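Student: Pasting a structure below so you can have a look.
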Amino acid sequence: MHNILNKFKLNGKIALVTGGTSGLGFSMAVGLAQAGAKICVNDIRDQKLEDAKKQFGILGIDVFTINFDVTDEADVDRGISIIEKKVGEICILINNAGIIKRSPILEMPVDDFKQVLDINLVSPFIVSKRVVPSMIRNGGGKIINICSMMSEYGRNSVSAYASAKGGLKLLTKNMCCEWAKHNIQVNGIGPGYIKSVLTENFAKRDHPFNNLVMMRTPANRWGEPEDLVGAAVFLASEASQFVNGHILYIDGGILANFGYVEGENN
Ligand code: NAP
Ligand code: GCO
């Protein structure tokens, strides 16, 4: 009898996780590898690539690492060409690389605003544009864009980041519109507040922002990178063939919740 779990297996698939040397990307890459995929990760710092290779190795994963800058179209072409030559053509792409710069709009240099958009929004366009032609030739593929709950919300000081992630939500839907006919499913994962280097300054007891996140998150905890892995495997697998243009929020319920204070109904 056909077993549905076979639909979640990624054996024989080649996956690229951009910026997958740490944090959320690293965890998702581990999950895809455990599901059978051959994993490639890139970064812009050789030391991080070396450290990641060791970390993956400890987990028994033979990762292919490569240095290229996702914001530089020529460097992306060079990097992807090396992957195609040494590993094979990519069938799963997770556009994970990202940064955040927090500043009030009036104090934020335009160049900082542009850099955040370049990495978080323009680079998924660049990398996907380079990878999709081979997906089309090969009969299909999967793209997962790492959005954010800031694809839905604004917040003081993250105007560049929210603009980029809001744009990435709609870029995801446009990629779906243009590439679905080629059996390419393009979806987003929208993490809530997850412990990583981007948020480590907040996730400390009694930090005002930590108190806000705890109050707003019905799960009453910060997310861990591992909380995203099941969704990543699902959206990278045959189990999600009819899921397209969807942003799957992994946020402990925060987007469903206006907020609650003790005693509000007294
Ligand atoms: P992270 O550990 O800093 O991961 C981001 C990765 O992107 C880093 O490895 C970074 O490399 C890489 N990167 C940055 N610029 C690059 C470039 N130009 N070319 C290639 N790689 C580049 O932080 P994270 O929290 O895991 O973030 C991963 C993704 O999740 C980001 O898109 C972020 O916006 C998103 N996200 C995070 C949260 C959260 O709460 N943590 C929530 C929602 C969404 P270097 O370290 O060498 O610069
Ligand atoms: C912030 C946080 C958020 C998270 C995440 C939420 O400053 O508000 O860094 O932006 O990183 O994107 O989904």
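The values are calculated or read from the model by the stated rules, or taken from the named source; none is laboratory data. Predicted model, so just to flag it, every value in this text is computed and none were measured. Here the Cβ positions follow ideal geometry from the backbone for every residue, glycine too, while neighbour counts run over all protein chains shown. Protein only, heavy atoms only, side chains kept; ligands, DNA and RNA dropped before computing areas. Shrake-Rupley method; radii C 1.70, N 1.55, O 1.52, S 1.80 Å.
Student: In terms of modelled amide H atoms, which long-range or inter-chain residues lie less than 5 Å from the amide H of ILE194?
Tutor: Result for ILE194 returns GLY223.
Student: While we're on this one: What relative contact order, as a whole-number percentage, does the chain give when Cα pairs under 8 Å and 6 or more residues apart are counted?
Tutor: 20
Student: In addition: If you average the C-alpha positions of region 6-23 and of region 35-90 separately, how far apart do those two centres end up, in angstrom?
Tutor: Cα centroid to Cα centroid, the span is 11 Å.
Student: Using DSSP to call loops (not H, G, I, E or B), can you name the GluC sites (Glu not before Pro) in region 189-266 whose Cβ has at most 13 other Cβ atoms within 10 angstrom?
Tutor: Values: sites: GLU200, GLU226, GLU238, GLU262, GLU264; in loops: GLU200, GLU262, GLU264.
For GluC sites (Glu not before Pro) across region 189-266 that sit outside H, G, I, E and B with at most 13 neighbouring Cβ atoms in 10 Å, the list reads GLU200, GLU262, GLU264.
Student: How would TRP179, TRP222 line up by accessible area, probe 1.4 Å, largest first?
Tutor: TRP179, TRP222
Student: Okay, moving on. Using a 1.4 Å probe on the protein heavy atoms, what percent of the accessible area of the chain belongs to carbon and sulfur?
Tutor: Looking at the chain in its full context, I get 55 percent from C and S.
Student: Rounded to the nearest 0.05, what FRET efficiency do LEU106 and GLU178 give with R0 = 35 Å and r taken as the Cβ-Cβ distance? Could you check?
Tutor: Computed FRET efficiency for LEU106 and GLU178 comes out at 0.40.
Student: Cα to Cα, under 28 Å, and not fewer than 8 places away if on the same chain: which lysines meet these conditions relative to LYS86?
Tutor: In chain and number order, the partners are LYS7, LYS9, LYS13, LYS38, LYS48, LYS53, LYS54, LYS129, LYS142.
Student: Also, quick follow-up: Would you calculate, for the chain, the mean residue ellipticity at 222 nm contributed by helices, counting each DSSP H stretch of 4 or more residues as -39,500 (n - 2.57) and dividing by all residues, to the nearest 500?
Tutor: The helix contribution divided over the chain gives -12000 deg cm²/dmol.
Student: Also, quick follow-up: Pop a pseudo-label 7 angstrom from the Cα along the beta-carbon direction at both GLU238 and TYR153 and give the gap in nm to one decimal.
Tutor: Distance between label points: 3.9 nm.
Student: Oh, and also: GLU262 versus GLN34, label points 7 Å from Cα toward the beta carbon: distance in nm?
Tutor: According to this spin-label approximation, the distance is 3.6 nm.
Student: If the elastic network links every pair of Cα atoms under 10 Å, which of GLY188, GLY19, GLY253 fluctuates the most in the Gaussian network model of the chain?
Tutor: Maximum among the listed residues: GLY253.
Student: Compute the helix-to-body angle for 23-34: its Cα long axis versus the longest principal axis of the chain, expressed 0 to 90° and rounded to tens.
Tutor: The two axes meet at around 40 degrees.
Student: Now, a different point. May I ask for the distance between the Cα centers of region 243-265 and region 128-172, given as a whole number of Å?
Tutor: Measuring centre to centre over Cα atoms gives 20 Å.
Student: Right, next: Could you report the chain's accessible area per residue, 1.4 Å probe, as an integer in Å²?
Tutor: On the way: 13110 Å² over 266 residues.
Using a 1.4 Å probe on heavy atoms only, each residue of the chain averages 49 Å².
Student: Take the Cβ-Cβ distance between ASN11 and ASN138 as r, set R0 to 25 Å, and report the resulting FRET efficiency rounded to the nearest 0.05.
Tutor: Using R0 = 25 Å, I get an efficiency of 0.95.
Student: Quickly work out the ARG221-to-HIS207 label distance, labels modelled 7 Å from Cα along the C-beta direction, and quote it in nm with one decimal.
Tutor: 1.8
Student: Under a GNM of the chain (C-alpha, springs under 10 Å), which listed residue has the highest mean-square fluctuation: LYS169, LYS114, LYS13?
Tutor: Evaluated over the chain, the most mobile residue of the options is LYS114.
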